[in-house]
Structures are given as structure tokens and as C-alpha cells.
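A short worksheet on the structure shown next.
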Amino acid sequence: MTPREFNERLGKRARRAGVAPDQPLVDALYAYFQLLRFWNQKVNLTAFSLETAPDEAIDRLLIEPLVVAKHLHGTHSAHGHGGLHGPQLGPHPRALDIGSGGGSPAIPLKLAMPALHLTMVESKTRKSAFLRDVVRQLNLSEASVETARAEDLLTRPELVETQDLVTIRAVRIEQKLLTKIQAFLRLGGRILLFRSTAGTEVPPLVTPPLVYEATWTLVESLRSRLVVLRKML
């Protein structure tokens with residue numbers, strides 16, 4: 001896919017989702033997409049065919065994180081079950097992405113929110129190598145990769161109770177996992193669960209200190225949504 005073709009495809013999908021990335025962001029997303037396409041030939045990073053890049057791939061890998069970034073910037077009212085309550089994100093928010101794999105949603109979210117301090121957690125060595133290559137090639141500051149299981153990082157004091165956001169996609173959500181990962185969040189921090197058509201809207205057995213806060217529509221054609229949990233007292 002040429003840069004021009006990518007610009008046209010991304011622009012069309014972005015308009016449908018109500019987001020408007022500027023040209024520097026589009027260029028950065030293209031560079032990420034090219035790295036993902038190259039690495040996916042030797043490491044299974046995504047099930048999508050990136051040679052043809054169907055609309056679903058563009059929507060899932062790139063547009064969904066851009067919609068979330070728009071929500072987090074506070075410029076978009078939520079669909080479904082309420083908006084973002086409580087304090088907005090500070091000028092230098094911290095986010096931990098669990099099971100980063102092919103880099104989405106973490107990399108596009110970071111590109112859309114350059115001030116984000118991003119930690120990507122990926123237990124598989126080859127996928128971690130890809131993520132580090134993206135960080136290096138795109139010259140991303142305040143972005144790092146941990147080759148570990150999320151639970152293993154709970155011994156790291158600089159990560160515990162310091163994160164504004166924890167993002168999760170393609171990871172099975174259970175009460176035990178939620179109980180563990182809430183420890184990464186500061187008081188008022190949020191877990192962002194990227195959900196497809198499968199699964200219930202609100203994860204079962206959400207217990208204090210986590211509370212259900214909102215559901216945001218991501219891409220209408222995919223029927224995808226973001227479930228937001230917040231850490232309270």
C-alpha cells in the first residue's frame with residue numbers, strides 16, 4: 001500500500017468514525033503499519049491480511065485507538081452508557097498496555113497522545129522484539145517494553161499505583177486478573193477494556209476497588225466498544 005493509498009483509506013475510515021488525524025499523525029501511523037506488515041511476515045502479530053488491509057483491519061488496528069484518544073482528550077461525548085466522569089487526564093498521563101502483541105491499541109494511542117508515558121507488556125520474546133523495533137524506528141520517547149507477564153511486574157514499585165490507564169485487548173477478562181491489574185492504577189485510574197461483539201458488556205464480578213464507569217462505542221460497523229472501569233476508594 002502506497003502512502004497515498006494509505007492516506008485515502010485511513011481518511012475514509014476516520015471520517016466514518018468521527019475522528020480527524022492530522023497529517024503528521026497519519027504519516028506516523030503509516031510508518032507503524034509498514035513495520036507491522038513487515039514483521040507479520042515472520043512473526044504472527046495479527047490475523048489480518050496486511051497486504052490487502054481490509055477495512056476491518058484499518059478499523060481495528062488504527063481507528064479504534066484514535067477514537068479512544070479522542071475520548072480521553074475530553075472532546076467527544078460517549079455513546080451508550082455515559083461519558084468520562086471525574087478528573088480528566090493530567091498533562092503527562094501514564095499507561096500500561098497488557099498483552100501488547102502487534103502494538104495495537106498501544107502504539108496508535110501513543111502516536112495520537114505523544115505526552116503519554118507508555119509501558120507495553122508482552123510475554124513473548126519475538127513480539128517484544130517487534131515492539132522495541134517500533135519504539136526505535138518511530139523514535140518514541142517515554143515508551144518502553146517489558147518482556148514479562150503483567151503479574152510479574154507487581155513487584156516493581158515504580159509501576160504499582162502509578163498508572164492513569166491500563167489498556168487490555170485480546171486478553172481473557174476474569175475477576176482474578178482484574179484484581180491483580182487494578183494494583184497498577186493510582187486512585188481514580190481507569191482500566192480500558194477493548195471489546196468486540198463477543199462477551200458481555202460489563203465484565204462479571206467487578207468488585208471494589210473497581211467500579212463500572214462507562215461504555216464507549218468505538219467502530220459502529222464492527223460493533224466494537226470500550227468498557228471503562230475506574231479505581232475508587
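The values are calculated or read from the model by the stated rules, or taken from the named source; none is laboratory data. For clarity, every value in this text was computed on a predicted model and none was experimentally measured. All Cβ positions, glycine included, derive from the backbone under ideal geometry; neighbour counts span all protein chains shown.
Points to keep in mind about this one:
- So V211, is it part of a strand (DSSP E or B), β-branched (V, I, T) and crowded, with 18+ Cβ neighbours inside 10 Å: no
- Inspection of the stretch 165-184 identifies at least one residue that is within 25 Å of K124 (Cα to Cα), of a type in the set (A, V, I, L, M), touching a Pro at 6+ places or on another chain (Cβ under 8 Å) and at pLDDT 95 or above.
- Residue within the stretch 121-144 that is in a helix (DSSP H, G or I), over 13 Å from the mean Cα position of the chain (by Cα) and at pLDDT below 95 present: no
- Hits in the stretch 146-160 (condition: touching a residue at least 24 places away in the same chain (Cβ under 8 Å) and in a helix (DSSP H, G or I)): A150, E151, L153, L154
- Leading residue by the ranking (farthest from P21 (Cα to Cα)) among those in the stretch 35-63 that are of a type in the set (D, E, K, R) and outside any helix (DSSP H, G or I): K42
- The set of residues from the stretch 4-30 being closer than 20 Å to L140 by Cβ and either loosely packed, with under 15 Cβ neighbours inside 10 Å or not hydrophobic (A, V, I, L, M, F, W, C) (or both) comprises P21, D22, Q23, P24, D27, Y30.
For every residue, the table says whether it meets (1) in contact with a Lys or Arg (Cβ under 6 Å, 6 or more places away or on another chain); (2) buried (at least 20 other Cβ atoms within 10 Å of the Cβ); (3) acidic (D, E).
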residue: F130; (1), (2), (3): no, yes, no
residue: R136; (1), (2), (3): no, no, no
residue: T147; (1), (2), (3): no, no, no
residue: D152; (1), (2), (3): no, no, yes
residue: D164; (1), (2), (3): yes, yes, yes
residue: T167; (1), (2), (3): no, yes, no
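- Subset of the stretch 1-25 [part of a helix (DSSP H, G or I) and within 21 Å of S224 (Cβ to Cβ)]: R9, L10, G11, K12, R13, A14, R15, R16, A17, L25
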